[in-house]
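Asks: I am attaching a structure below and will ask some questions about it afterwards.
The values are calculated or read from the model by the stated rules, or taken from the named source; none is laboratory data. Because the structure is predicted, anything quoted here is derived from the model rather than measured. Cβ coordinates were reconstructed from backbone atoms using ideal geometry, including for glycine residues, and neighbour counts include every protein chain displayed.
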Amino acid sequence: MTVDYITLPGVTNDHVTLAPQTISIAIPTCIQTITPDKNGYVPPGTCNALYNYYPSFVAALIFSCFFGMLTVAHIWQAAYFKTKFCWVIIMASVWETISFVARTISTRNQQNVWIELISDLFVLLAPLWVNAFAYMLLARMIYFYLPTHSIFSIPASVLALAFVSLDFVSFVIQIIGGSYAGPTAPMAQQLKGVHIYMGGIGLQQFFIFIFLALGVKFHREMLKWEYTGRAKQGWKRLLFTLYASLGFITIRFFFRFIEFSGGETSSNPLPYHEAYFYALEAVPMCFAILCYNITHPGTVLQGLEAKLPTIRSLLFRKRGARKAHEELKGEDEVELVGKYVKLRKYSVSGYVELERRIREREADRLERSLDCGETDVRQ
């Protein structure tokens, strides 16, 4: 404890005269009485102790290299397959790399708060990029594979925008909580930061569960199309890759939730053993990113249909589809076929309806021709 002295100026007016006052304020301070070792380590719970264990330089270096290789691989794959939206998963890998590079440096500079804080923030927030990529990927799969380009009557573009926006909300909450819970912050502020961060990751996992429900719906729709023999290839492999990645993210979520909710007490071993951090944080995140290296979206989603339209283009398409439907009223089959490509340009739902109408007319014509044939035979 240190004592700080503050002098309050006196006040003199027509009603009262107060002499200047000097007050003392006791301020808790940290006085280091233990000499740090060559890497800056001091025992947990002592002044300036940033870790609850002796962090491993080798483990941090290995994961720095591993995430770095994943980053390079994703950059090469995105360029090779021309998948621009893969910049999101690249960001996830880059943030993990930054985190573990900073952690590697921090193991040799354990008295530097800022390096440790950078490592913590980037490792806490990197999974949000993986989530955002999963949302964008499923939206493109819906647009690429389903003739209606929608799920539960929600257009794929709207779905992507909604979930990425929700992911950003979770990101903001978690970054606020992570910044509050710095290792040198007062205990009350750290607890507040932990609670905010836990709320953020809880919200994030809630969005993932809702998203998985949409994934299951898409899965069932594709099974129906596959049964008819009209489904494009590759959807199942890519969807199971998405499931696996979100599964690894969920493992990491439960680790963080249990770690923070248990507090730094003797009954909670997670904060005091580095092995838990690597086994339940670093390894799941490696596999969550690696999944998309093994089954890269660019190997499946190819061509113009793999490009997700913007919300603005959807609005213009709806207007065009209504206009095209008006033009089609009362036209014969030849004119309908002539409008086939035109209507497809404006609206996939209109395209499906038109295809149904053409099939019905073909069936009627075939039935009439069969009836005529039977009449000829009887005659």
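Asks: Restricting to region 207-223, what's the tally of residues that are aliphatic (A, V, I, L, M) and surrounded by 16 or more Cβ atoms within 10 Å (Cβ to Cβ)? Step through it out loud before you land on a result.
Replies: In the first step, residues of region 207-223 are kept if they are aliphatic (A, V, I, L, M); the result is 208, 210, 212-214, 216, 222-223.
Among the residues that remain, those that are also surrounded by 16 or more Cβ atoms within 10 Å (Cβ to Cβ) are: 208, 212, 214, 222.
Matching residues across region 207-223 total 4.
Asks: Looking at (1) modelled with pLDDT of 85 or more; (2) of a type outside the set (G, A, S); (3) out of contact with any Pro (no Cβ under 6 Å at 6 or more places or on another chain), which one does I25 not meet, given that it meets all the others?
Replies: Only one criterion in (1) modelled with pLDDT of 85 or more; (2) of a type outside the set (G, A, S); (3) out of contact with any Pro (no Cβ under 6 Å at 6 or more places or on another chain) is unmet by I25, namely (1).
Asks: Considering only residues that are in contact with a Pro (Cβ under 8 Å, 6 or more places away or on another chain) and of a type in the set (F, W, Y), which ones fall in region 270-303? Explain how you work it out, then say what you get.
Replies: Residues of region 270-303 in contact with a Pro (Cβ under 8 Å, 6 or more places away or on another chain): 272, 274, 276, 285, 288.
Of everything in region 270-303, those that are in contact with a Pro (Cβ under 8 Å, 6 or more places away or on another chain) and of a type in the set (F, W, Y) turn out to be Y272, Y276.
Asks: On the given criteria, is G178 out of contact with any helix residue (DSSP H, G or I) (no Cβ under 7 Å at 6 or more places or on another chain) and under 30 Å from Y53 (Cβ atoms)? Show your work before the answer.
Replies: Numbers: out of contact with any helix residue (DSSP H, G or I) (no Cβ under 7 Å at 6 or more places or on another chain): no; under 30 Å from Y53 (Cβ atoms): yes.
In short, no.
Asks: With the condition kept exactly as written, say whether any residue in region 259-273 is modelled with pLDDT under 90 and either within 26 Å of M91 (Cβ to Cβ) or not assigned by TED's automatic domain parsing to the domain that holds F63 (or both).
Replies: So far as region 259-273 goes, yes, one or more of its residues are modelled with pLDDT under 90 and either within 26 Å of M91 (Cβ to Cβ) or not assigned by TED's automatic domain parsing to the domain that holds F63 (or both).
Okay, residues lined up against (1) closer than 21 Å to L280 by Cβ; (2) in contact with a Ser or Thr (Cβ under 8 Å, 6 or more places away or on another chain); (3) surrounded by 23 or more Cβ atoms within 10 Å (Cβ to Cβ):
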| site | (1), (2), (3) |
| --- | --- |
| Q110 | no, no, no |
| L137 | no, no, yes |
| I151 | no, no, no |
| L161 | no, no, no |
| S165 | no, no, no |
| I176 | no, no, no |
| Q205 | yes, yes, no |
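Asks: Could you pull out the residue among M198, M187, M222 that is in contact (Cβ under 8 Å) with a residue 60 or more places away in the chain, aliphatic (A, V, I, L, M) and more than 21 Å from N131 (Cα to Cα)? Walk me through it before giving the result.
Replies: Numbers: M198 fails: more than 21 Å from N131 (Cα to Cα); M187 fails: in contact (Cβ under 8 Å) with a residue 60 or more places away in the chain.
Sole residue among the options that is in contact (Cβ under 8 Å) with a residue 60 or more places away in the chain, aliphatic (A, V, I, L, M) and more than 21 Å from N131 (Cα to Cα): M222.
Asks: Do you know which residues across region 194-242 are among the polar types (S, T, N, Q) and either assigned to a helix (DSSP H, G or I) or in contact with a Leu (Cβ under 8 Å, 6 or more places away or on another chain) (or both)?
Replies: To start, the set of residues in region 194-242 that are among the polar types (S, T, N, Q) comprises 204-205, 228, 233, 241.
Once the filter is applied, which keeps residues that are among the polar types (S, T, N, Q) and either assigned to a helix (DSSP H, G or I) or in contact with a Leu (Cβ under 8 Å, 6 or more places away or on another chain) (or both), region 194-242 yields Q204, Q205, T228, T241.
Quick grid of which residues meet (1) within 30 Å of L301 (Cα to Cα); (2) among the charged types (D, E, K, R); (3) modelled with pLDDT of 95 or more:
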position: T33; (1), (2), (3): no, no, no
position: V42; (1), (2), (3): no, no, no
position: A60; (1), (2), (3): no, no, yes
position: C65; (1), (2), (3): yes, no, yes
position: H74; (1), (2), (3): yes, no, yes
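Asks: Right, F260: touching a Phe, Trp or Tyr at 6+ places or on another chain (Cβ under 9 Å), over 30 Å from A139 (Cα atoms) and hydrophobic (A, V, I, L, M, F, W, C) or not? Outline the logic, then answer.
Replies: Details: touching a Phe, Trp or Tyr at 6+ places or on another chain (Cβ under 9 Å): yes; over 30 Å from A139 (Cα atoms): yes; hydrophobic (A, V, I, L, M, F, W, C): yes.
Taking the combined requirement at face value, the residue satisfies it.
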